[in-house]
Amino acid sequence: MKYTYIAGTGSYVPDEIISNFALEKMIDTSDEWIRTRTGIVERHIARKDEATSDLAVKAAQSALEDAGLEANDLDLIITATVTPDMLFPSTGCMVQKKIDARKAAAFDISAACSGFLYALEVGDQLIKSGQYQNILILGADTLSKITDWTDRNTCILFGDGAGAVILRTREKEQGVLCSHLYSDGAMSEMLQVPAGGSLRPASEETVQNRLHYITMKGNEIFKTAIKAMTEAIEQAASSVGIPIDNIDFFIFHQANTRIINAVAQRLSIPENKIPLTIQKYGNTSTASMPITLDELNKNGKVHQGDIVCFAAFGGGLTWASSLVRW
Ligand code: COA
């Protein structure tokens, strides 16, 4: 029997910081409103010439170093992103070129903010099948590039970043215990970028109507996310027979501290089991969970044998949970 374990983690956020106070000067908002409604204090924003793959490369290099591997050891790169460098080739192929991972195949996964857990599940299954040994999983996004910076309902929420994990194979029972993925395309209009694809290709009209930016029904997503993540965590715990109380850490998609607190309250999860990075980075989409995991790992807080639960939701709608024994 083969098992998939996380051999290394990495993350990267760009240098430029936009604080809530800076946003006060750009739109009709306040630091107080943003902090109390979302938990966000500041976010990091990519430069104009910095693409998603540039952030992903830095996270990948850090994860490879942590795992003690070279780029040439990789046999697969799976990148979760909704802000690819371009429609095609995939961002995974861009990363492969930039880190010179000559033996690796590469492709992208589109599952919005749940993308990291979708990529983790695909990588886990490919390792368990015996087909691949060393897989780089990336969650990388530059939402700032598709954010309408005049829309106070959305622009206060997002930031840019990348996170990475290296999946490896071993015989000992360790690593990914289970993943559960869910989608409901009937709710696709709750969160989307309406134009730029085959349905509404870029035109003068789509640009004038600001259709290349994220549109969102924030209130509806808020309620759906709480219910979806609560149920996904319950499903994960019951499927492997681990009581929720026995889980050591809960790494949530970092979208809003009020959403995280509401799930924690429903499942009686104490605050000290929930690492947060949202205050520093905002919602970095696919990157938020691997960034949070990397900080937990590099700060020496997670120990061998600890059970880590991941839970995410995002556009699609999609949601997911995973359990990992460290
Ligand atoms: N600054 C100040 N006021 C703002 C504001 C801002 N940036 N954005 C909205 N408001 C106003 C609204 O216009 C509204 O005013 P009104 O009552 O006069 O109409 C008021 O604040 C309350 O708005 P509401 O949308 O009810 O706030 P909320 O408590 O639901 O918080 C979100 C809004 C977006 C923070 C919250 O709904 C949320 O986080 N939703 C989930 C979004 C998400 O996670 N998306 C990504 C999924 S991966």
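A few points about this structure:
- Qualifying residue in the stretch 63-74 (condition: open to solvent by less than 50 Å² (accessible area, probe 1.4 Å), away from the ligand (no atom under 16 Å from the Cβ) and under 19 Å from N283 (Cβ atoms)): no
- Contact map, the stretch 121-137: residues that are touching a residue at least 12 places away in the same chain (Cβ under 8 Å) paired with residues that are part of a helix (DSSP H, G or I) and small (G, A, S), Cβ distance under 6 Å, separation 6+ or inter-chain. Pairs shown: I135/G123; L136/A60; I137/A119; I137/G123.
- Each residue in the stretch 103-141 was checked for being open to solvent by 20 Å² or more (accessible area, probe 1.4 Å), in contact with a helix residue (DSSP H, G or I) (Cβ under 7 Å, 6 or more places away or on another chain) and either aromatic (F, W, Y) or outside the structural domain of T91 (by TED's automatic domain parsing) (or both), and 2 of them qualify.
- Among the residues of the stretch 295-326, those that are farther than 20 Å from G123 by Cβ and away from the ligand (no atom under 12 Å from the Cβ) comprise E295, K298, N299, G300, K301, H303, Q304, G305, D306.
- For Q96, the conditions (1) more than 13 Å from the ligand (Cβ to nearest atom); (2) touching a residue at least 24 places away in the same chain (Cβ under 8 Å); (3) open to solvent by less than 50 Å² (accessible area, probe 1.4 Å) are fulfilled apart from (2).
- Summed over the stretch 282-315, residues that are open to solvent by 30 Å² or more (accessible area, probe 1.4 Å) and either over 21 Å from E234 (Cα atoms) or in a helix (DSSP H, G or I) (or both) total 8.
Residues are listed down the side, and each one gets a yes or a no for (1) in a loop (DSSP other than H, G, I, E, B); (2) within 22 Å of L87 (Cβ to Cβ):
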{"site": "F116", "(1), (2)": "no, yes"}
{"site": "G123", "(1), (2)": "no, no"}
{"site": "Y132", "(1), (2)": "yes, no"}
{"site": "D151", "(1), (2)": "yes, no"}
{"site": "A162", "(1), (2)": "no, yes"}
{"site": "T169", "(1), (2)": "no, no"}
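- Residues in the stretch 1-29 that are buried (at least 17 other Cβ atoms within 10 Å of the Cβ) and part of a helix (DSSP H, G or I): N20, L23.
- Single unsatisfied condition, I251 versus (1) farther than 14 Å from F313 by Cα; (2) outside any helix (DSSP H, G or I): (1)
- Residue in the stretch 68-91 that is farther than 20 Å from L167 by Cβ, assigned by TED's automatic domain parsing to the domain that holds A51 and assigned to a helix (DSSP H, G or I) present: no
- Number of positions in the stretch 174-192 that are more than 18 Å from A237 (Cβ to Cβ), hydrophobic (A, V, I, L, M, F, W, C) and part of a strand (DSSP E or B): 1
- M289 passes every criterion in (1) on the phi > 0 side of the Ramachandran plot; (2) within 11 Å of the chain's Cα centre (by Cα) apart from (1).
- Check on S322, open to solvent by less than 20 Å² (accessible area, probe 1.4 Å), at pLDDT 95 or above, over 15 Å from V165 (Cβ atoms) and in contact with a strand residue (DSSP E or B) (Cβ under 6 Å, 6 or more places away or on another chain): no
- A search for C-beta distances below 7 Å between a residue of the stretch 6-18 that is of a type in the set (D, E, K, R) and any residue that is open to solvent by 20 Å² or more (accessible area, probe 1.4 Å) and in a loop (DSSP other than H, G, I, E, B), counting only pairs 6+ apart in sequence or on different chains, returns E16/R47.
- Selection from the stretch 217-258 of residues that are surrounded by fewer than 17 Cβ atoms within 10 Å (Cβ to Cβ) and within 14 Å of the ligand (Cβ to nearest atom): K217, G218, N219, E220, F222, K223, K227, R258
- Here R47, R37 are screened, and the one residue that is within 13 Å of the ligand (Cβ to nearest atom), among the charged types (D, E, K, R) and either surrounded by fewer than 18 Cβ atoms within 10 Å (Cβ to Cβ) or over 30 Å from D66 (Cβ atoms) (or both) is R37.
- Residues of the stretch 195-248 classified as of a type in the set (A, V, I, L, M, F, W, C) and part of a loop (DSSP other than H, G, I, E, B), total: 7
- Residue check for L167: away from the ligand (no atom under 16 Å from the Cβ), open to solvent by less than 10 Å² (accessible area, probe 1.4 Å) and not polar (S, T, N, Q): yes
The values are calculated or read from the model by the stated rules, or taken from the named source; none is laboratory data. What you see is a predicted model; the values in this text were computed from it and never measured. Neighbour counts are summed over all protein chains in view; Cβ atoms, including those assigned to glycine, are modelled from backbone coordinates with ideal geometry. What goes into the accessible areas is simple: the full protein's heavy atoms, side chains included, and nothing from ligands, DNA or RNA. Shrake-Rupley method; radii C 1.70, N 1.55, O 1.52, S 1.80 Å.
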